[in-house]
Amino acid sequence: MSFFKKIVFLLCVFLVAKGIAQTEETIVWRPNLKLNWSNFKDKAPINNRAAAITASGITYKYTTYFDKKRAIDSHMKL
């Protein structure tokens with residue numbers, strides 16, 4: 001397989017996988033957003049102690065820039 005065909009194939013696989021992975025709706029937190037019943041898509045399970053499940057997380061990125069083996073700048077993003 002030529003190099004170009006491999007790139008096209010990998011790009012197609014990536015795009016299909018990305019489309020499949022984004023089947024769930026995401027509600028991004030905002031301080032003024034209040035949830036209401038229309039935000040919930042299904043009925044609560046009858047024989048389960050948890051009526052709803054929330055997944056949360058914090059991400060960060062830390063970057064340091066070097067000039068001739070000496071750190072010249074650092075950034076942290078939350």
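Within a straight-line Cα-Cα reach of under 20 Å, K43 can be paired with the following lysines, leaving aside sequence neighbours fewer than 8 residues apart in one chain: K34. Please find the FRET efficiency linking R30 to A55, where r is the Cβ-Cβ separation and R0 is fixed at 22 Å, and quote it to the nearest 0.05. Between R30 and A55 the formula returns 0.80. Taking label positions 7 Å along the Cα-Cβ direction at both K68 and K5, the computed distance is 5.1 nm, reported to one decimal.
Under 16 Å of direct C-alpha separation, and excluding same-chain neighbours fewer than eight residues apart, K61 reaches these lysines: K77.
None of the figures in this text is laboratory data; all of them are computed from the coordinates on show. Model, not experiment: these values are computed from the prediction. Positions of Cβ are backbone-derived with ideal geometry, glycine not excepted, and every protein chain shown enters the neighbour counts.
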